[in-house]
């Protein structure tokens, strides 16, 4: 076999694998989308419909009427914004100090931040529940945002630190010689340069807190404070015949913001994640 | 004379005032503080405070709680100290042992299978040029699905009557008739592992692909000159250089899998029987269905011990400087 034919063979093989795995990844999402376009009687049929025969947007409009859509979406959005704000502000200052200054306890702190994200969330569930109840923060958006901070802040610190490490220190020294204060350097030099990385971190945190389910399920008990994933889950609960069309429509709606976010910031997310996980 | 002195005093006052006002300006105030030696600590402080309030306190009080009886349904009983009583109870609890076994099965299966698929996908993605960005997006998508949506999606796909998986399998002749995946104890774990594979493999693809792209191409060129075939190149170059990344990602994934009850809450509820009853689900259920917080804390503390083993492995891998250097 000549070199060129083996090369071609491997190309074919690689594309076959990528296409098959791609179908495996995308199929459930596509199927959910197709189901969301079907009327219930077209879902519950003897012969399965692959392409909906009477495509309709009824499920989407019914979903609007049945769930307190705006409340759920609004809660999720507000909690996400709060979580992202806390994580970015506190995460960046901590990450900057860890990246640029050498002080006693620095290594230990970095280790602690690394280990924290591995703690079993279930272990924190009960104590956090008790704390939130004592503070009167059950059923509150701020309460959930604080809870999400527990597992998202360490990730933010590690990700932002990775991006800051990549900014050459010479730039800062030059600005210092020109008379800028340390805080001035951060605001004028570092923040603009780190902005893409910080944005990627923000996207990742948004997705994680938008998707979060377990804590939101436990720490909210009324519709005013529930988040979108919980609302979607409870849509199913207690019904004998599952409203598949509705559920699929809800799934598709909740996925749209994530897909947009992910496609926008894909490259930097990938970079930040891999740096954070593999570098000690 | 006195006029001159007056002007002098006025000048002094003015300059003092302007300096004072400048210091009051929050921006220049921060600038001044940033020149002191406390600056680094000041920047660390918020992170440290938040971490100790929202992370350390809960963890420590969780462990503390495991030595107490605390049931929300019996508020009059309070929180009496019972020492190791609940740990003894745990050892004699058959459900605990079943859950431990299931955690082990699910933990291993839901790491090994995604690792294998993730490796294959990463190799293929690394090989292709055209359309790589598109396929990478497609392949990473499942990882970013909300667990609720993913769970219900697969519940629909695997539904016994309406599921497309059954239909496809019957059509290509792998199944004689529709199968009730989540009602049959023999296939429930398989179905959950399948969903876990779907959600889990992109994480490995992502990390392995990053690792592959950091391997210098000269190594492969040199191997080509020596006449090595792709399999040999994989065995001799790619795999050894990826070992640290594989170890790190396997550890992280194992920890995540052990800790998260999401899929079980949504898909199986631990059933049928107790075939998918894992520890995370057990702790979750004990706390929020039975409101037995003390016992739930005991189960969680045992889980922390299990996870700690994996954390130690992770640290070992990251600490090993030789492996670290060869990875990047």
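Those helices (runs of 4 or more DSSP H) of the range B:118-175 in which 2 or more residues are closer than 23 Å to residue B:189 by Cβ, facing chain A (nearest Cβ under 7 Å) and in contact with a helix residue (DSSP H, G or I) (Cβ under 9 Å, 6 or more places away or on another chain) occupy B:147-157.
If you go through the range B:74-108 and keep only what is assigned to a loop (DSSP other than H, G, I, E, B) and within 14 Å of another protein chain (Cβ to nearest Cβ), you end up with B:78, B:79. When the range A:131-175 is filtered for residues that are under 25 Å from residue B:256 (Cα atoms) and modelled with pLDDT under 85, the ones remaining, listed by number, are A:150, A:151, A:155, A:158, A:159, A:162, A:163. Just one of (1) within 12 Å of another protein chain (Cβ to nearest Cβ); (2) under 15 Å from residue A:248 (Cβ atoms) fails for residue A:56. It is (1). Yes or no: residue B:207 assigned to a helix (DSSP H, G or I) and touching a helix residue (DSSP H, G or I) at 6+ places or on another chain (Cβ under 6 Å)? The answer is yes for residue B:207. Would you check if residue B:51 is at the interface with chain A (Cβ under 9 Å from one of its Cβ atoms) and loosely packed, with under 14 Cβ neighbours inside 10 Å? The answer is no for residue B:51.
In the condition set (1) under 27 Å from residue A:81 (Cβ atoms); (2) in contact with a helix residue (DSSP H, G or I) (Cβ under 6 Å, 6 or more places away or on another chain); (3) within 12 Å of another protein chain (Cβ to nearest Cβ), residue A:126 is compliant with all but (1). For the residues B:266, B:255, B:246, the requirement of being within 14 Å of chain A (Cβ to nearest Cβ), part of a helix (DSSP H, G or I) and surrounded by fewer than 20 Cβ atoms within 10 Å (Cβ to Cβ) singles out B:246. Among the residues of the range A:183-205, is there at least one that is surrounded by 22 or more Cβ atoms within 10 Å (Cβ to Cβ) and within 23 Å of residue A:132 (Cβ to Cβ)? For the range A:183-205, residues surrounded by 22 or more Cβ atoms within 10 Å (Cβ to Cβ) and within 23 Å of residue A:132 (Cβ to Cβ): present.
The rows are residues; the columns are (1) at the interface with chain A (Cβ under 7 Å from one of its Cβ atoms); (2) modelled with pLDDT under 80.
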position	(1), (2)
B:285	no, no
B:304	yes, no
B:307	yes, no
B:314	no, yes
B:326	no, yes
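In the set (1) surrounded by 15 or more Cβ atoms within 10 Å (Cβ to Cβ); (2) without any contact (Cβ under 8 Å) to a residue 40 or more places away in the chain; (3) part of a helix (DSSP H, G or I), the condition left unmet by residue A:119 is number (3).
Residue-wise test of (1) over 30 Å from residue B:293 (Cα atoms); (2) crowded, with 18+ Cβ neighbours inside 10 Å.
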| residue | (1), (2) |
| --- | --- |
| A:214 | no, yes |
| A:225 | no, yes |
| A:243 | yes, yes |
| A:250 | yes, yes |
| A:256 | yes, no |
| A:259 | yes, no |
| A:263 | yes, no |
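Of the numbered criteria (1) under 17 Å from residue A:90 (Cβ atoms); (2) over 21 Å from the mean Cα position of the chain (by Cα), the one residue B:51 fails is (2).
Just to be sure before I move on: is residue A:83 touching a residue at least 12 places away in the same chain (Cβ under 8 Å), closer than 30 Å to residue A:226 by Cβ and assigned to a loop (DSSP other than H, G, I, E, B) in the structure I sent?
Against the criterion (touching a residue at least 12 places away in the same chain (Cβ under 8 Å), closer than 30 Å to residue A:226 by Cβ and assigned to a loop (DSSP other than H, G, I, E, B)), residue A:83 does not qualify.
Inside the range A:144-172, residues that are touching a helix residue (DSSP H, G or I) at 6+ places or on another chain (Cβ under 9 Å), part of a helix (DSSP H, G or I) and over 18 Å from residue A:211 (Cβ atoms) make up a count of 11. Can residue B:287 be described as free of Cβ contacts under 8 Å to residues at least 12 places away in the same chain and in a helix (DSSP H, G or I)? Here the answer is yes, as residue B:287 does meet what is asked.
Conditions tested, residue by residue: (1) closer than 23 Å to residue A:82 by Cβ; (2) within 27 Å of the chain's Cα centre (by Cα); (3) crowded, with 19+ Cβ neighbours inside 10 Å.
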| site | (1), (2), (3) |
| --- | --- |
| A:131 | yes, yes, yes |
| A:156 | yes, yes, yes |
| A:160 | yes, yes, yes |
| A:164 | no, yes, yes |
| A:170 | no, no, no |
| A:173 | no, no, no |
| A:178 | no, no, no |
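The values are calculated or read from the model by the stated rules, or taken from the named source; none is laboratory data. Note that this is a predicted model, so its numbers are computed, not measured. When we count neighbours, we look across all protein chains shown, and the Cβ atoms used for this are built from the backbone with ideal geometry, even at glycine.
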